[in-house]
Each structure stands twice: as C-alpha cells, then as structure tokens.
1. Any residue in region 450-470 that is within 30 Å of residue 618 (Cβ to Cβ), in contact with a Pro (Cβ under 7 Å, 6 or more places away or on another chain) and of a type outside the set (D, E, K, R)?
2. Suppose we filter 524, 507 for residues that are buried (at least 16 other Cβ atoms within 10 Å of the Cβ) and away from the ligand (no atom under 16 Å from the Cβ); which single one remains?
3. Check 412, 452, 400, 423 and return the single one that is in a helix (DSSP H, G or I) and either free of Cβ contacts under 8 Å to residues at least 12 places away in the same chain or among the basic types (Lys, Arg) (or both).
4. Give region 48-95 a look and list any residue that's in contact (Cβ under 8 Å) with a residue 12 or more places away in the chain, over 21 Å from residue 124 (Cβ atoms), outside any helix (DSSP H, G or I) and of a type in the set (A, V, I, L, M, F, W, C), or say none.
5. Identify all residues within region 575-622 that are farther than 22 Å from residue 462 by Cβ and more than 60 Å from the chain's Cα centre (by Cα); write none if there are none.
6. Take the conditions more than 9 Å from the ligand (Cβ to nearest atom), more than 22 Å from residue 486 (Cβ to Cβ), surrounded by fewer than 18 Cβ atoms within 10 Å (Cβ to Cβ) and modelled with pLDDT of 95 or more and apply them to residue 606. Does it pass?
7. Name the single residue, out of those in region 96-117 being out of contact with any strand residue (DSSP E or B) (no Cβ under 6 Å at 6 or more places or on another chain) and in a strand (DSSP E or B), that is surrounded by the fewest Cβ atoms within 10 Å (Cβ to Cβ).
8. Tell me, which strands (runs of 3 or more DSSP E) lie completely within region 278-378 with 1 or more residues that are farther than 20 Å from residue 267 by Cβ, among the hydroxyl-bearing types (Ser, Thr, Tyr) and out of contact with any strand residue (DSSP E or B) (no Cβ under 6 Å at 6 or more places or on another chain)?
Amino acid sequence: MKPSGAYSSLPSELFSILLDNTREILLLINRDLELVLFNKLAFQTAKELIKKDIRQGMTILDLADEDKRDWMRLLYEEVFTGREKIIRYPVRNLVFKVSMIPVSGIGVVDYVLISCENVTYEEEAVEHIRNKQFLLQQAERIAGLGSWEWDIPSGTVLWSDEFYRIMDFEPGETPATRELGFSSVHPEDVVRAEQTLQNTLDTGEPYETELRLITRKGRMKYMLCQGVVTRDKNGRLSKLIGTFLDITAKKQLEESIYNQNQRFKTLIEKSADLILQVNDERLITYCSPASEKMLGYLPSDLEGKRLKTLAWPEDLERLQQELVELISNSSEPKVTEYRCMKKDGTFLWVEATVSNHLGVPGINSIVINQRDIHHRKEAEELLKELNEQLQARAKELTLSNTELEKFAYIASHDLQEPLRMVSSFLGLLKKKYNESLDDKGRQYIDMAVDGSDRMKMLINDLLDYSRVGREREVPGLVDLNEIVEIVKETFSKKIQETGATIHAGMLPVIRARKIHMTQLLQNLVGNALKYRSDEPPVIRIGAAQENDTWIINVEDNGIGIPEKFSGEVFNIFQRLHGRSDFEGTGIGLAICKKIVEVYGGTISVSPAKQGGSIFSFTIPVQKETDA
Ligand code: ADP
C-alpha cells in the first residue's frame, strides 16, 4: 500500500521504489522533527505496532510514548548538531536498532535520516548462546570435564574454565599453550599422549585414551581424554578439539575395590578352609584352592560340577534336606557336619558353615565354608566307643561289687550260726571235761575258744565293712566339732588312762551321714590312742579348705607308720603288728577308706615331723545350693 501523499515531494519515482524495497524502516525528519519522508515498511510497522497511521507533517515525537518524548527531543537536538547516534529502542515486545544519521545541506543539518532495524531475534539468539555457554560451563564444572581447542593453522590454543581448574589454575590465569598442556602430562604417559594426537592428525580419526596429569599443585589426576579434528571447507585440518574428564575419584574407587578384592581373594585362596560357591541349580561356581589339599581335587575339577559330587552317599539325603530348609526358611548361616567324598573314593569329616546369599546382588549364591574335622571326629568316635566300653565295664563292676557285698554279708551272716555252735560246744567241753584234761588238752581248748572268738570278731568286722554305704540314713548336715565331742566321750576312759590330750581346731559343717563321720573319726582317734609311743598321746584334729574340698587332718605322736606301708594299711585285714603287740583285726582303716570314697574323697597317711602319723582325708565343701 502506498500511503497517501507520502511521496508527493519525492525527487523521483525510482527513489521511492528503492526505499520501499529495503528491509529497513526509513524515516526522514526536518529540523522541526516533522516527518518529511518514510517508506512503506515504516508505515506498516507503525500501524501494526503502535496502531498509528503515520503521515507527513506528524512529528517523530508523535510516534513515541509520552514518557520518552523529552528524552527523544534532546536526542534529536544533538543529532541536528551533526553527531550520528545509534540507540537500542524497545517497542512492545520487539527491539529496534535505531540509527539517526544527520543529512547536511551546505554546512547545516537540514534533515535526519532515521533507519530502524528489528534486532529482536539477533538479541534473542545472542542471549540464547550466552545461556548455552553458561550451561556448558556449569555442565563442565559439574562433570569435571574440561575442554580445549587447538587452531591448527594459527597454533592458538584455548582452554575452557574447567580445564584451567583441572590443571589447578584460575580460569584464564595463564595463556593456554600446547607446551603447557604436554608438560602437565605424567612423564610415563607423555609418549603415548603424543602418539595418540599424532595418529589423530594423520588419520583424522577421533581418539579416546586415559592419561595421568600432574597439576600445577603437583596433584596426580586420572583423565579420560577424547578428541576430534575438524576440517575447513577445503578439507584441510583446521582444529583439534579435545575434552578431559576427571576420573580420579572413579580410578581411586576402582583401585580400592581392586585392592580389597585382592585382599579377599588372597584370604580365601590362602585359607585352609575350603570355600565353595553354589548357584541355585546346585552347581559349584567357585572352589578355593584348599580343595586340593583337603580332598585331592583341583578347583577346576569341581567348578561346574554338581554339589552332590562331594557328598558321601550315606549323608546325601540329610544334606539335601538341610539345604532345602536353609534356602526356604533361613537367612541365618547353618553349621553342619558331614562326610565329604575325596577324589580317592574315601571320605573326610568336615564341619561346614552354609550361608544362603541367593538373590543377593553381586554374590547370588550359596556359600559353603568347610573345614577338616576328620581327626576330631575320629577321636570323638574313639572316645564314644571307649565310653561305651567303660560304661559296660562300670555296669559289670557295679554288678559284681554288689554281688560281692551281698556275698560277704550273707557269708558272714550264715557263718555266725555254726560259729556260735562251735564256741558254745567248746565252752561245754571245757566245763565238762576240764578236770579230766591235762594241761595240754586245756591249752588246746583255750586256743580253740580264742580262735572262734577271733573269727567272730572278724565276721563282725566284715559285716560292718560290707554295710558301709548301705545304711538307710540319708545324708544331712553334720558338724564335725560335735562328732569330735562324741568321740572324746567314747574314749574318755582311755584318754584318762593314757593321759592323752586332743586338740581340735574349728571344724566345718559338711553334708554326710552322721554314722559315717562318727565311725571315721572314731577309728582314727582310736588308732592314735592305741598305737601310742611311750609319751602320752597328743592328738590334733584340724581342717583346711582347698577350692571345693575340705582336707581334714588327724595327727598323732604315736609309733608312726613306715612310708612304704602307707598304702597297704588301708587294705582290708592288713595289719602291721601282731596281736600280741596290739589288739585289732585290720578292718578300721579299710572302713575309713570306704566311707571317704562314698563322698568322692580320698584318704592317705604320711609321717608326722616329730614322729607319729598324719591321716588326711578329703570331703566336698557343703555349698549353698546343697542346702
Ligand atoms: P587295726 O587297728 O585293727 O589293726 P586298722 O585298719 O585300724 O586295723 O589299722 C591297720 C594297721 O595300721 C594297724 O594294724 C597298724 O599297724 C597301723 N596303724 C593304724 N593306725 C596307726 C597309727 N595311728 N599309728 C601307727 N600305726 C597305725
């Protein structure tokens, strides 16, 4: 559309066509700021953008927003002084670059040509690029990715900000050069780095390699380096563009994982235990080298084989059941013992810890850790066998002991009757024929009476002995101090006759049968009085505790017992003296021994320092819980 009257004063029709075909908005104003000329684009833009029909005679200020008019007037005053101005002028959502060019006549500026160019899109594009660059920088920073560019014809090198940081420089701190880049490569990697670049320059192929850098601060960093070449329109190499990705943390992690793996591998491989990994199909996926020493198999013999290859047939079913249970029910490791089949067809007893790690990422297997317990198992078996034998023997012994005791009891009981008969007939014989017998005959009868009395005593002693441990009385608390008093009472006459003294210390209360303790102390004190020396007897009774045991001593100053007989005196009917020296049957100490053994104790005798004997017996300490 041609604005009415717009071209009335145009110098020529051609000029008007030219103006309308330019891509710029053109306006010409006079010193009164009135529009004297404008092109079609100016007219259209004003109509669309500010909803105004521009026409000749309007001032340029009429096209501006009210608040900008004063500023604009001043601006044009300046342009009319001959100074060209270019401003950025936003209108609505568009931006214009406005050039104000003074048009001079002779010396004075008569007109100003205003040319407006819509730069909205260029500005947006610049902003867009700026944003992209910012994003790129941030991305480089976050990723630890630095980039560089080498312009091949000019030799100039550019480093990104992040590349500077990777090298421990502030961005732009020092000029980037190829030499500085190479001098930062680890000495052992320099040759490879140069070869890699050269190869890319020769072939035009991109590269990817790992290098170590030594930064300005002397830190070593691992880098993943990639690069490509670009070519100009004539196909000549123009640029080499590369990136450096800092993979130090990843490398260190890899290294520590590798080291850790090596450690575990060494531990597993050096372990005397055999470690097996089994998958969900019961196939052995890993076998440690201990298999060779333990079972004679190389790991490669077993890997890929079924687990049951290693089970001794008799244990197979139980093991399969245990495994099914472990897999379905338990996450806790299970410890089990079984016989493992060796390569030579024999078996080895092993103890295994079986843990279910099926479904656990990274391991997904059943782990079996088995150790050799063959010797222990054999010893256990032997021990079991011996135990069984021992138990059978103990049973036999108890039986024969009981039998023996029964026999002694019955025999002595039954012997009493005929013995009584012998004694009474001997009595009658002596009474009736005493006068008619000569001395010899009377002496024989006396000896026969004496013999039968003695036999009676022996039988009674035997009966006493066999009764020990068969008493009806139940064990109770027995105060040994009280027992000593009873014994003193029993021997009061003898004590008086011999001028004996009995010193008793504080004695314990024990759990036993009163009758036993009385018999025991009575026998020992009785012997001390009987086997006295020329001195009046001095008897000391004392007690000492050793852990859970009381040791009771009865010491005398009598004739003493030669050490070589210290064991024999406790045998039944064993005497060291004839009857003419000391009365007795030799049963007393045997009864003492039997009593002490009923309580799990022992009895012994040793010589006293000043002559005489010390009898010691042990008896368990009465515990709180016993009460
Ligand atoms: P008995 O006194 O009836 O002979 P014992 O069994 O009590 O039987 O003693 C066995 C033997 O041990 C005694 O014959 C005696 O020789 C010796 N004997 C026992 N007690 C003492 C003692 N206190 N001093 C010396 N000898 C003793």
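1. Within region 450-470 (the criterion being within 30 Å of residue 618 (Cβ to Cβ), in contact with a Pro (Cβ under 7 Å, 6 or more places away or on another chain) and of a type outside the set (D, E, K, R)), the answer is no, since none of the residues qualifies.
2. Values: 524 fails: away from the ligand (no atom under 16 Å from the Cβ).
Of the residues listed, the single one that is buried (at least 16 other Cβ atoms within 10 Å of the Cβ) and away from the ligand (no atom under 16 Å from the Cβ) is 507.
3. Working: 412 fails: either free of Cβ contacts under 8 Å to residues at least 12 places away in the same chain or among the basic types (Lys, Arg) (or both); 452 fails: either free of Cβ contacts under 8 Å to residues at least 12 places away in the same chain or among the basic types (Lys, Arg) (or both); 423 fails: either free of Cβ contacts under 8 Å to residues at least 12 places away in the same chain or among the basic types (Lys, Arg) (or both).
Being in a helix (DSSP H, G or I) and either free of Cβ contacts under 8 Å to residues at least 12 places away in the same chain or among the basic types (Lys, Arg) (or both) holds for just one of 412, 452, 400, 423, which is 400.
4. Of everything in region 48-95, those that are in contact (Cβ under 8 Å) with a residue 12 or more places away in the chain, over 21 Å from residue 124 (Cβ atoms), outside any helix (DSSP H, G or I) and of a type in the set (A, V, I, L, M, F, W, C) turn out to be 54, 58.
5. Within region 575-622, 580, 581, 607, 608, 609, 610, 611, 612, 613 qualify.
6. Numbers: more than 9 Å from the ligand (Cβ to nearest atom): yes; more than 22 Å from residue 486 (Cβ to Cβ): yes; surrounded by fewer than 18 Cβ atoms within 10 Å (Cβ to Cβ): yes; modelled with pLDDT of 95 or more: yes.
Yes.
7. First pass over region 96-117, keeping only residues out of contact with any strand residue (DSSP E or B) (no Cβ under 6 Å at 6 or more places or on another chain): 104-108, 110.
Within this subset, residues satisfying the condition of being in a strand (DSSP E or B) are 104, 110.
Numbers: 104: 10, 110: 14.
Among those residues, the one meeting the criterion is 104.
8. Working: elements: 284-287, 334-341, 347-356, 366-372.
Hits in region 278-378: 334-341.
The values are calculated or read from the model by the stated rules, or taken from the named source; none is laboratory data. Nothing here was measured: the structure is a model prediction, and the numbers come from that model. No Cβ is skipped: glycine too gets one built from the backbone with ideal geometry, and neighbour counts run over all protein chains shown.
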